[in-house]
Ligand code: ADP
Ligand code: MG
């Protein structure tokens, strides 16, 4: 495989010897189920054809050397026993965090050399960070014979990102990168990581899923993410459940009624104002239900029916959770006007990417043209539009 050979050759050039193997882990796009993974709920991501590819070899001297072909920085050299959360190291914190998490979990590790390159757009909500973590975790687990399953690797990678890098993400990104299968979306229950591969062959129905990377990232995002999580936790506490996942959709109206007035306005719940918490609850419980509705439509052979569910999900993220932004709203609006079946922002919001369900061929072209034109008219930089083909999860290439 050409990509594997090129990465192995670059490893050889950098370190002066051949790697022991080459591995790949993909980025992902989430079809539906947003901010549900931080509430123990359901998500439905698919792996992208874009991957992080890493050539790796073991060392025996307690040294970790990492190199990315995509950043203008040389080889980063770290001492394995000095790795500690929050110790920085820029992009290298992602692979270093994985090594730290492996050691924390009691696995033996005496060092490694790693060179990687990635085609996953960074900072676009397509999980370039998870691709980096998962490819590192898979390579090291296989080389060191740790016998870890892909879900176990995903949890370890999430721990690296949460505790070492310091990003409080849920487990969806790492699970998607580690466990997705070609031609399928992954129905994942983030409460216990049970999952099912849902056949997702849009081409057979004359459809396509487009990813529109807005190329914007609003600074507001990080604080807002933490605030939404805190608000959801406050909502769960007020409702007397461990997480919002425990609220069945059939009980949503009742839950909202209980949250209005009495409990929250007495000020018993710290965090965001009561009215916001109600909206967050409505979004999370609603989006869990939208995941189930989407899967039912796919299983019934009606992928066109998914379109309106996506657009409804976008409205919920825009109006209830309030994590969209003008550029994402513009993608959805322009897509709709150009005849798309449905569209929504995907990922954490405040920029990043949207997904658009379109008829293949003319439908895709019309949407691409309309979105690109709308961005130009609004004075935004051109978005990047590409088809999301459901691809394989993390694997060994050579
Ligand atoms: P996302 O996961 O949505 O792409 P994040 O902010 O979570 O966005 O992760 C992006 C970060 O991951 C980058 O800032 C960089 O530190 C790291 N990263 C991703 N891809 C690469 C790469 N090819 N080389 C080096 N670092 C990378
Ligand atoms: Mg990320």
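Some values worked out for this structure:
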{"quantity": "Whole-percent pair-distance distribution, where bins are 5 Å wide, for the alpha carbons of the range 39-84", "calculated": "5, 13, 16, 17, 14, 10, 13, 12, 1"}
{"quantity": "Full-stretch length increase - residue 253, residue 63 - with 0.36 nm per residue and alpha-carbon distance subtracted", "calculated": "62.8 nm"}
{"quantity": "Most to least packed among 175-181, 105-111 [average Cβ atoms within 10 Å]", "calculated": "175-181, 105-111"}
{"quantity": "Per-bin percent of Cα-Cα distances, the range 84-133 [10 Å]", "calculated": "22, 50, 26, 3"}
{"quantity": "Between the range 169-222 and the range 118-167, the alpha-carbon center distance in angstrom", "calculated": "16 Å"}
{"quantity": "Likely footprinting exposure, 280, 164, 249, fewest C-beta neighbours within 10 Å first", "calculated": "249, 164, 280"}
{"quantity": "Rh (Kirkwood; distinct C-alpha pairs) - the range 201-387, Å", "calculated": "17.5 Å"}
{"quantity": "Alpha-carbon spread of the chain, three principal axes, descending order, Å", "calculated": "64, 53, 41"}
{"quantity": "Approximate spin-label separation residue 378-residue 70, in nm, with each point projected 7 Å along Cα-to-Cβ", "calculated": "2.5 nm"}
{"quantity": "Taking 94, 17, 225 and counting other C-beta atoms within 10 Å, the order from fewest to most", "calculated": "17, 225, 94"}
{"quantity": "Cα-based equivalent ellipsoid of the range 290-329: semi-axis lengths in Å, sorted from largest, via gyration tensor", "calculated": "24, 10, 6"}
{"quantity": "The chain: angle of helix 221-239 to the longest principal axis, Cα-based, in degrees nearest 10", "calculated": "60 degrees"}
{"quantity": "Rg ratio (alpha-carbon, reference 2.2 N^0.38 Å) - the range 174-306", "calculated": "1.27"}
{"quantity": "Cα convex hull of the range 1-135, projected area averaged across orientations, nm²", "calculated": "9.2 nm²"}
{"quantity": "Alpha-carbon centroid distance for the pair the range 287-344 / the range 1-75, whole angstrom", "calculated": "30 Å"}
{"quantity": "Tilt relative to the chain, helix 306-315 - C-alpha long axis, 0 to 90 degrees, to 10", "calculated": "80 degrees"}
{"quantity": "Most to least packed among 380-386, 342-348 [average Cβ atoms within 10 Å]", "calculated": "342-348, 380-386"}
{"quantity": "Gyration tensor (alpha-carbon) shape descriptor, the range 124-175, a/c threshold 1.5", "calculated": "prolate"}
{"quantity": "Which of 60, 122 has the fewest Cβ neighbours within 10 Å, and the rest in rising order", "calculated": "60, 122"}
{"quantity": "Estimated translational D of the range 161-223 in µm²/s (Stokes, Kirkwood radius over Cα pairs; 4 °C; 1.567 mPa s)", "calculated": "89 µm²/s"}
{"quantity": "Considering only the chain, percent of DSSP beta bridges that pair antiparallel, nearest 5", "calculated": "90 percent"}
{"quantity": "Debye log10 I(q)/I(0) for the range 205-260, one point scatterer per Cα, at q = 0.16, 0.21 Å⁻¹", "calculated": "-0.71, -0.80"}
{"quantity": "Cβ-Cβ FRET estimate between residue 222 and residue 386, R0 fixed at 30 Å, reported to 0.05", "calculated": "0.70"}
{"quantity": "Acute angle (nearest 10 degrees) that the helix 362-377 long axis makes with the longest principal axis of the chain, alpha-carbon atoms", "calculated": "90 degrees"}
{"quantity": "Relative contact order (percent, whole number), the range 201-387, Cα cutoff 8 Å, 6+ residue spacing", "calculated": "32 percent"}
{"quantity": "For the range 333-384, alpha-carbon Rg over 2.2 N^0.38 Å", "calculated": "1.10"}
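Every number here is computed from the coordinates shown, using simple stated rules; none is lab data. Just so it is clear, the model here is predicted, and its values are computed rather than measured. Every residue, glycine as well, gets a Cβ built from its backbone with ideal geometry; the counts of neighbours run over all protein chains shown.
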